[in-house]
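Down below is the structure, laid out as structure tokens.
None of the figures in this text is laboratory data; all of them are computed from the coordinates on show. All values derive from a computational prediction rather than experimental measurement. Every residue, glycine as well, gets a Cβ built from its backbone with ideal geometry; the counts of neighbours run over all protein chains shown.
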Amino acid sequence: MMKARCGHSVEEDFAEAHSGLCRRCHSNFTFISELESKYGEDALVQYWYGMILARLSSVEESGQGVNCLIDHLVEFYQKKLAVVPSRRKYIKKMLFMLDSLRYPVDLDAFK
């Protein structure tokens, strides 16, 4: 066993074969890819926004896992932005959504 890039424990062979990700994080990325290919980019943005917001409401229970997933997604889409310029609009939507989840706006500051 070793630590994956995300800090989770994983078998060394698995991490080497899946870009250093643990089983859970790799499974999440596989699901993202399938969802995007079946229903399109906007459906994926909406799904992740809803799913992550729902999980953020129980931060004590799964906060570390959600933050880890958000960090992986940000890294993934930042790399994709440089590689796939034709999908720039979609990728920027994803990065904006993820950034708003990492750094939520304090509405009390606007009063």
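Numerical summary
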read-out	value
Chain lengthening between His8 and Lys80 when straightened (0.36 nm per residue, less Cα-Cα)	23.5 nm
Furthest towards positive pole of dipole, Leu21, Phe110, Ser33, structure part the stretch 2-110, Cβ charges	Ser33
The chain - percent relative contact order, Cα under 8 Å, separation 6 or more	17 percent
Contour excess over end-to-end distance, with Cα ends at Arg87 and Leu53 and 0.36 nm allotted per residue	9.8 nm
Compactness of the stretch 65-111 - radius of gyration and Dmax, Cα, Å	12.8, 41
The chain - charge dipole about Cα centre, Lys and Arg +1 at Cβ, Asp and Glu -1, debye rounded to 20	460 debye
Residues Asp99, Asp108, sorted so that the one with the fewest Cβ neighbours within 10 Å comes first	Asp108, Asp99
Reachable aspartates and glutamates, given that their alpha-carbon falls under 18 Å from the alpha-carbon of Lys93 and they are not under 8 places away in the same chain	Glu36, Glu41, Asp42, Asp71, Glu75
Calculated volume of the Cα convex hull per residue in Å³ (choose from (i) 378; (ii) 213; (iii) 124), label	(iii)
